[in-house]
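In what follows, a structure is listed as C-alpha cells, so that the remarks can point back to it.
The values are calculated or read from the model by the stated rules, or taken from the named source; none is laboratory data. Remember, predicted model here, so these are calculated numbers, not experimental data. Reconstructed Cβ throughout: ideal geometry from the backbone, glycine too, with neighbour counts over all protein chains shown. The area values use the complete protein model at the heavy-atom level, side chains included, leaving out ligands, DNA and RNA. Shrake-Rupley method; radii C 1.70, N 1.55, O 1.52, S 1.80 Å.
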Amino acid sequence: MKIKGLRWVIIGLIFLATVINYIDRSALSIMWGNENVEGSIAQSLDLTKDDYGNILNIFMVFYALGQLFTGKIFDKVGTRIGYVLSIGIWGLSSFLHSTVRGFLSISIFRSLLGFSEAGNWPGAVKSNAEWFPIKERAIAQGLFNAGASIGSVIAPIFIATLFVAYGWRTTFMVVGSFGILWIIPWLLINKAGPKKHPWMTDEERDYILKGQSEADQKDTSDSKGKSLREILSFRESWAIVIGRFFLEPIWWLFVGWMPIYLFDVYGFDVKQVGMFAWVPYVGAALGSIAGGWVSGRIISKSNSINKGRKVTILIGGIIMFLGLVATVLFGNTPIVFVSIVFFVLFGFQFSIGNVQTLPSDFFSGKSVGSLAGLGGMVGVFSVIIMNKVVPIIAEISYTPIFIAIAIFVPLGIGAIYFFARQIGPVEK
C-alpha cells in the first residue's frame, strides 16, 4: 500500500496531538473560577488566586525541565516512541486530575502533566525536520502550531459545556482519555521515518530527501548528536535561546491568565469565559498557517532561508507590538479586549512557527530536538518569572504587565537578528 502525501498525514496526527495538548492544559484555568463561582475548582477545594499562581508555576517548572529532557529523549529513541511516551503520560496525568483533593495532589498531577506535555514541541520540530524539505518546514510548523490555537478555541466552549453539565471531575476524565486513544493511529500509521516507510511513494521520498540540507541527507540512525555545550558554542543557538526567553511570555500570559483576567476585571463566570476566551485563538490559528505560508513563499522565490525566516519573524513582531500597545490604550471592554488579543496572538504565531523551525535550519539529526528543547526550557523559565509577578501586580492593575511584554517583543526579535546573522546550516 502506498499513500500520496504521507508527510501531511504525519503532521496531521501531530496537529491533533497538539489540539489535545491544549485542551488538557486549558481545563484547569477555565474551571478554576474563584470563591464566588459555584462548583468551580477554587470553590470546591477552597483554593485562592495565590494557589493558582503557585500551581501554574509548578506546571511551568516541570514543563521547562520536560522541554530539555524530552528533547534529548526524542533524539535518543526517535519521534515514534517518543510521542507514545509523551502523550501516554500526559493523557493519564490529565485523567488523574479528576481524583485530586487539595493543593498537594493537584500539584503532583500538574507536574506530571507539564513534564510530559513539553515533549510535544521538540518532538514536532524533530519530526518536521525528518519529514519535510526545508522550504516546507515553516508551513508544517505552522500547521502543528495551529493545533495549539485550535485546541485553545475548542477548549473554553467544550470544557465549559462539560463543566456545566457534569462538573470538573468528570470533565478531566473525558479530556484525559483523548491522548491515550491518539496513540493507536499514531503507531499504526507512523511505522518508520521517510527513508524506510513502506507506505511512502518513491516520488515523495525523493522530494523530501532532496529538499533537505546536506547534513540531513547524511544523517543516519547511527549518527551522534552534539552535546548542549557543543550546540551552545555556535552563536546562532543563542538566537533561539534568548529570542524565546523574551517571546514565550507573550503567549503564556494569555493562555494562563486571560480567563483569570476575565473573572477579575469583568466579573465573568465559567460559562461567560467559554463564550469569549476562544476568540483570540482563531487569530492565533490563522497566524500559524499564514506565517508558515509567507515564509515558504519567500524562500521559494528568493532561494534564501535567511530572508524567508527573518522577514516573517519581523512582520509578526510588529503586529504583536502594536496589539499589546492597543490593549493598554483601547482594551476597556471585553469585546474590544478579546478583539485586540486576536491580533496579538495572530502576530505571535505568525512569528513563532519560524522561530521554532530555526533548530532544524541550523543543525541536523540528533541535535535538533536537543536545541529545540533547550530553547523551550529557557522560554518557560521566563514564563515562570512572569507567573510569580502577575498576581502581585494584578492586585493593583494589569496595565504594567501588558507594557512589560510589549517591550519584550523588540528584545526577542532583536536577539534573533543579532545572533543569527545568516540563517542556514552551521555545520560545515
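When each of Arg244, Arg229, Arg205 is tested for being free of Cβ contacts under 8 Å to residues at least 60 places away in the same chain, basic (Lys, Arg) and either under 20 Å from Ser370 (Cα atoms) or in contact with a helix residue (DSSP H, G or I) (Cβ under 7 Å, 6 or more places away or on another chain) (or both), the lone residue that passes is Arg229. Scanning the stretch 350-368 for residues being more than 15 Å from Gly243 (Cβ to Cβ) and within 18 Å of the chain's Cα centre (by Cα) gives a total of 2.
Taking the numbered list (1) open to solvent by 10 Å² or more (accessible area, probe 1.4 Å); (2) over 21 Å from Ala146 (Cβ atoms); (3) aliphatic (A, V, I, L, M) in turn, Ile405 passes all entries but (1).
Do we have Ile352 as at pLDDT 90 or above, over 25 Å from Phe234 (Cβ atoms) and open to solvent by less than 10 Å² (accessible area, probe 1.4 Å) here? The answer is no for Ile352. With respect to (1) among the basic types (Lys, Arg); (2) open to solvent by 60 Å² or more (accessible area, probe 1.4 Å); (3) part of a helix (DSSP H, G or I), the lone exception for Arg7 is condition (2). One residue stands out in the stretch 31-42 among those that are open to solvent by less than 20 Å² (accessible area, probe 1.4 Å) and modelled with pLDDT under 85: the one that is nearest to the chain's Cα centre (by Cα), namely Gly33.
Does Asn21 satisfy the condition of being among the polar types (S, T, N, Q), more than 28 Å from Ser367 (Cα to Cα) and either under 20 Å from the mean Cα position of the chain (by Cα) or assigned to a helix (DSSP H, G or I) (or both)? Judged against the criteria, Asn21 is not a match.
Among the residues making up the stretch 24-49, those that are under 15 Å from Ala277 (Cβ atoms) and assigned to a helix (DSSP H, G or I) are Arg25, Ser26, Ala27, Leu28, Ser29, Ile30, Met31, Trp32.
Checked against the criterion of being in a helix (DSSP H, G or I), open to solvent by 20 Å² or more (accessible area, probe 1.4 Å) and under 20 Å from Gly373 (Cβ atoms), the candidates Glu136, Glu130 yield just one match: Glu130.
At least 2 residues being under 30 Å from Ala165 (Cβ atoms) and open to solvent by less than 70 Å² (accessible area, probe 1.4 Å) is the threshold, and among the helices (runs of 4 or more DSSP H) wholly inside the stretch 208-324 those reaching it are 235-266, 270-276, 279-302. As a summary of the residue check, Asp46 satisfies the conditions (1) over 24 Å from the mean Cα position of the chain (by Cα); (2) on the phi < 0 side of the Ramachandran plot; (3) not polar (S, T, N, Q) except for the one numbered (2). The condition (being more than 20 Å from the chain's Cα centre (by Cα) and not basic (Lys, Arg)) is satisfied by just one residue among Leu6, Leu65: Leu6. If you go through the stretch 52-67 and keep only what is more than 9 Å from Ile384 (Cα to Cα) and open to solvent by 40 Å² or more (accessible area, probe 1.4 Å), you end up with Asn54, Phe62, Leu65. In the stretch 100-137, what count of residues is obtained for those that are over 18 Å from Pro194 (Cα atoms), touching a residue at least 40 places away in the same chain (Cβ under 8 Å) and touching a helix residue (DSSP H, G or I) at 6+ places or on another chain (Cβ under 7 Å)? Going through the stretch 100-137 one residue at a time, the tally reaches 18.
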